[in-house]
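The values are calculated or read from the model by the stated rules, or taken from the named source; none is laboratory data. All values derive from a computational prediction rather than experimental measurement. Positions of Cβ are backbone-derived with ideal geometry, glycine not excepted, and every protein chain shown enters the neighbour counts.
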Amino acid sequence: MPESTEVVAETVEAAKKAPKTAAKLEEEGDIAADYLEALLDIADLDGDIDIDVENGRASLAIVGGKLNHLVGKDGEVLDALQELTRLAVQTSSGDRSRLMLDIENFRANRRKELTALAKKLGEEAKTTGKEIKLDPMNAFERKIIHDTIQDMGLTSESEGEDPRRFVVIFPS
């Protein structure tokens, strides 16, 4: 490959890894909101869509429409809708999206529950000096556990393969 082509390829790769600008994330949010509004219209469902940018990613929440059935058991339907929305954004923008979708505050409530669980189990690992293995969780839930454990000055790792992937908390 000629040197100039290599430089262009390296520049493109670096741009893909660079954090997205707030404007780009807002654009992702707008594309996602349009997609979700169309989906709600097709299904004849009510709900308001809130768009935000949090932790370097677009964040959308559908609220106010009695939409618990769109969350599903353990958030399975929500996860599927999030993936579909990410694909819609990627198709429209050409960029991979890491957007987060929440419906009826399911993820917000789950974050609170998992943070409390991680703190409790982190303290238990410190006290007993033994590692603690949690039940399998999806990537969103494992990240909350890892972040909380790290904030406590402890370490954790994910083990296993999806959908049986789980977190192990180490005592120090």
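Of note, residue 118 does not satisfy the criterion of being small (Gly, Ala, Ser), in a helix (DSSP H, G or I) and touching a strand residue (DSSP E or B) at 6+ places or on another chain (Cβ under 6 Å). State the number of residues belonging to segment 23-74 that are in a loop (DSSP other than H, G, I, E, B), on the phi < 0 side of the Ramachandran plot and surrounded by 13 or more Cβ atoms within 10 Å (Cβ to Cβ). So the answer is 4.
Among the residues examined, residue 77 does not qualify as farther than 26 Å from residue 50 by Cβ, touching a His at 6+ places or on another chain (Cβ under 8 Å) and of a type outside the set (Asp, Glu). When segment 75-115 is limited to residues that are part of a loop (DSSP other than H, G, I, E, B) and in contact with a helix residue (DSSP H, G or I) (Cβ under 9 Å, 6 or more places away or on another chain), the one that is nearest to residue 61 (Cα to Cα) turns out to be 104. Note on segment 137-160: residues that are out of contact with any strand residue (DSSP E or B) (no Cβ under 7 Å at 6 or more places or on another chain) and in a helix (DSSP H, G or I) amount to 9. When the criteria are applied in full, residue 161 fails the requirement of being farther than 25 Å from residue 101 by Cα, more than 16 Å from the chain's Cα centre (by Cα) and of a type in the set (Asp, Glu). If only residues of segment 75-85 that are more than 23 Å from residue 20 (Cα to Cα) and of a type outside the set (A, V, I, L, M, F, W, C) are counted, the one that is surrounded by the most Cβ atoms within 10 Å (Cβ to Cβ) is 75. Close contacts from segment 46-67, counting a first residue that is over 15 Å from residue 36 (Cα atoms) and touching a residue at least 24 places away in the same chain (Cβ under 8 Å) and a second that is charged (D, E, K, R) and surrounded by 12 or more Cβ atoms within 10 Å (Cβ to Cβ), with Cβ to Cβ under 6 Å and a gap of 6+ residues or different chains, come to 57/98. Would you confirm, using the coordinates I've provided, whether residue 113 is surrounded by fewer than 15 Cβ atoms within 10 Å (Cβ to Cβ) and within 30 Å of residue 45 (Cα to Cα)? In short, yes. The criterion of being free of Cβ contacts under 8 Å to residues at least 12 places away in the same chain, of a type outside the set (A, V, I, L, M), in the same structural domain as residue 38 (by TED's automatic domain parsing) and touching a helix residue (DSSP H, G or I) at 6+ places or on another chain (Cβ under 8 Å) holds for residue 72.
Just to verify a result, which residue in segment 117-157, among those that are of a type in the set (S, T, N, Q) and crowded, with 17+ Cβ neighbours inside 10 Å, is farthest from residue 73 (Cα to Cα)? For segment 117-157, the residue satisfying everything is 156.
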